[in-house]
Amino acid sequence: MKISKILIGIDDSAYARNAAAYGFDMARDYKAAVGLVHIIEPMVIPSTPADNVTGIPMDSTFGIQEVELSEVQTNQTEALINSTIKEFGDGLEITAFKQYGFRAEGIIDCCKEFNADMIVIGTHKRSGIDRLLIGSVAEHVVRHSAVPVLVVPFAE
């Protein structure tokens with residue numbers, strides 16, 4: 001098996017940082033290129049701001065400036081990617097991906113686009129009701145990926 005391209009999924013968690021360390025170490029060992037991906041998930045914002053308890057419209061004149069949410073998310077993503085590259089990427093060929101969508105599907109799509117031989121992702125180790133309600137990105141990627149997936153656990 002030849003591993004020449006490794007896709008590493010990141011977010012701003014310690015779990016993802018731990019997985020990134022593994023992925024970048026593997027890339028060095030295999031002399032592989034790295035695809036670094038962060039998926040920006042859509043946020044649902046009500047069209048009219050209202051108090052969630054009473055349903056009464058809230059006054060939006062609290063001096064809070066309206067900020068374009070997608071711009072903030074994009075800036076945070078770029079900062080995360082840049083800091084990850086700075087911390088782990090020295091001397092490696094790195095392609096950065098940032099996409100809007102659902103994490104698991106975005107990772108699989110980037111894997112195809114990058115033509116990766118392997119995916120490396122971290123896991124939050126959710127179980128029980130949390131896993132039922134929130135789901136597992138790692139599990140979805142493992143079940144739907146066409147390439148091997150290394151799921152790196154995080155020991156607290």
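No value in this document is a laboratory result; all are computed from the given coordinates. Source: prediction; values computed, not measured. Here the Cβ is made from the backbone with ideal geometry for all residues, glycine too, and neighbour counts use every protein chain on show.
As a calculated quantity, the FRET efficiency between Asp29 and Glu87 at R0 = 22 Å, using C-beta atoms, amounts to about 0.80.
Spacing of the modelled spin labels on Lys112 and Glu41, each 7 Å from Cα toward Cβ, amounts to 2.2 nm. Model label points for Ala14 and Ala146, set 7 angstrom from Cα along the Cα-to-Cβ axis, are 3.7 nm apart. Per the Debye formula on identical point scatterers at the alpha carbon atoms of region 75-114, with no solvent, log10 I(q)/I(0) at q = 0.15, 0.23, 0.25 Å⁻¹ is -0.41, -0.87, -0.95.
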